[in-house]
Amino acid sequence: MLCLLDETKTVDSMRRHPECVVTCPHRKMWQQVEKLAPLTGKNPVPELKEKQFHFEPEKFDAAGLAACEPSSEARTSERMSRVSRGSSARDA
């Protein structure tokens with residue numbers, strides 16, 4: 001289950017770009033995921049998150065993760081419309 005709070009940077013981003021692709025990192029990336037966990041790109045840090053998180057403007061870099069080019073495979077609207085027309089998710 002994915003849970004988003006109104007005060008998060010994720011919600012800000014989704015308001016700007018309402019399409020979303022959820023990725024699941026490979027198990028070998030657990031150390032980077034753990035480094036990323038207490039970081040937020042939201043400044044100031046929302047009161048709700050102050051005890052657990054700290055602001056890091058380049059949080060993915062700080063976690064040892066590198067940016068990548070957008071995938072041509074991540075065309076959410078196109079995929080969803082094909083799936084809703086009856087194609088299988090694999091075809092989308």
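Just to verify a result, which residue in segment 70-92, among those that are at pLDDT below 60 and hydroxyl-bearing (Ser, Thr, Tyr), is farthest from the chain's Cα centre (by Cα)? Among those that are at pLDDT below 60 and hydroxyl-bearing (Ser, Thr, Tyr), it is 87. If the condition is being surrounded by 13 or more Cβ atoms within 10 Å (Cβ to Cβ), in a helix (DSSP H, G or I) and of a type outside the set (D, E, K, R), then segment 34-61 contributes 36, 60.
If the condition is being among the charged types (D, E, K, R) and modelled with pLDDT under 90, then segment 23-44 contributes only 42.
The set of residues in segment 17-33 that are loosely packed, with under 10 Cβ neighbours inside 10 Å and either part of a helix (DSSP H, G or I) or of a type in the set (A, V, I, L, M, F, W, C) (or both) comprises 22, 24, 27, 28. Taking residue 14, is it assigned to a helix (DSSP H, G or I), under 17 Å from residue 67 (Cα atoms) and free of Cβ contacts under 8 Å to residues at least 40 places away in the same chain? No. Condition check: at pLDDT 90 or above and touching a strand residue (DSSP E or B) at 6+ places or on another chain (Cβ under 8 Å). Does residue 56 satisfy that? It is true that residue 56 is at pLDDT 90 or above and touching a strand residue (DSSP E or B) at 6+ places or on another chain (Cβ under 8 Å). Quick check, is residue 47 of a type outside the set (Ser, Thr, Tyr), out of contact with any helix residue (DSSP H, G or I) (no Cβ under 9 Å at 6 or more places or on another chain) and at pLDDT 90 or above? Here the answer is no, as residue 47 does not meet what is asked. With respect to the conditions (1) at pLDDT below 80; (2) out of contact with any Phe, Trp or Tyr (no Cβ under 8 Å at 6 or more places or on another chain), residue 67 falls short on a single one, namely (2).
The values are calculated or read from the model by the stated rules, or taken from the named source; none is laboratory data. Since the model is a prediction, treat every value here as computed from it, not as a measurement. For neighbour counting, all protein chains shown are included, and Cβ atoms are generated from backbone atoms with ideal geometry for every residue, glycine included.
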